1. Plugging the Kirkwood radius over Cα pairs into Stokes-Einstein for the range 81-121, at a temperature of 10 °C and a viscosity of 1.306 mPa s, what D comes out in µm²/s?
2. Each residue of the range 36-44 in turn: what ³J(HN,Hα) in whole Hz from Karplus with 6.51, -1.76, 1.60 and θ = phi - 60°, glycine and Pro shown as x?
3. What are the ³J(HN,Hα) values, in whole Hz, obtained from phi via the Karplus relation 6.51 cos²θ - 1.76 cosθ + 1.60 with θ = phi - 60°, for each residue of the range 139-145 in sequence order, with x given for Gly and Pro?
4. Would you kindly derive the ³J(HN,Hα) couplings of the range 85-95 from the backbone phi angles with the Karplus curve 6.51 cos²θ - 1.76 cosθ + 1.60 (θ = phi - 60°), listing them in order in whole Hz, with x for Gly and Pro?
5. Can you work out the base-10 log of I(q)/I(0) for the range 1-87 at q = 0.20 1/Å, using the Debye formula on its C-alpha atoms alone?
Amino acid sequence: MDWQLILAIAAGIAAIALLIVAIAVAYVLLPVKKNLDHIAKTLDGVEGQIQGITRESTDLLHKANRLTEDVQGKSQKLNSVVDAIQGMGDSVSNLNSSVDRVTNSITHNISQNEDKISQVVQWSNVAMEVADKWQMRQRRNKAYNTNTQSAEDGENLPVAVNSPSTGNDISGENR
């Protein structure tokens with residue numbers, strides 16, 4: 001019997017120990033449960049915030065995609081403007097090159113024909129002087145012709161009208 005009593009006492013001690021362990025585990029697990037409940041509530045709030053952030057992020061991505069498409073469209077439209085400006089720049093460059101070539105050609109021709117140009121200028125000056133002298137002679141002849149006609153017309157006038165201060169008549173005699 002000894003063994004049976006020892007077994008019964010050992011079983012009783014084991015049961016009491018098991019009860020103490022169960023109470024201790026329950027005592028530890030109750031605050032852990034409260035913490036887990038609090039964490040669950042916090043996670044529910046975070047989950048709601050994450051869903052809101054996800055919606056806003058999705059909206060922002062859609063807006064960013066629309067903006068990107070708009071910028072790409074406008075960029076393609078600007079490409080034609082840039083191409084046109086580049087063409088205009090090429091045209092201006094070609095025009096400048098042409099003007100440079102013409103200027104260089106003129107300068108070269110002037111330097112080669114400097115003596116001829118000088119002679120042309122001298123002959124032009126001579127021609128202008130001759131033309132001026134010719135015009136002056138024409139004016140003198142016209143003035144002379146006008147004076148001669150006036151004198152011929154004056155022969156028919158009375159003597160007093162022709163030359164009152166000299167005392168000469170038409171025949172040239174003195175009075």
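1. D, rounded to a whole number, is 130 µm²/s.
2. These are the phi-based 3J(HN,Hα) values: 5, 5, 5, 5, 5, 5, 4, 5, 4 Hz.
3. Using θ = phi - 60°, the values come out as 5, 5, 5, 5, 5, 5, 5 Hz.
4. 5, 5, x, 5, x, 4, 5, 5, 4, 4, 4
5. Each listed q maps to, in turn, -0.97.
Readers should treat all values here as calculations from the given coordinates under stated rules, not as data from a laboratory. All of these numbers come straight from a predicted model, not from anything done at the bench.
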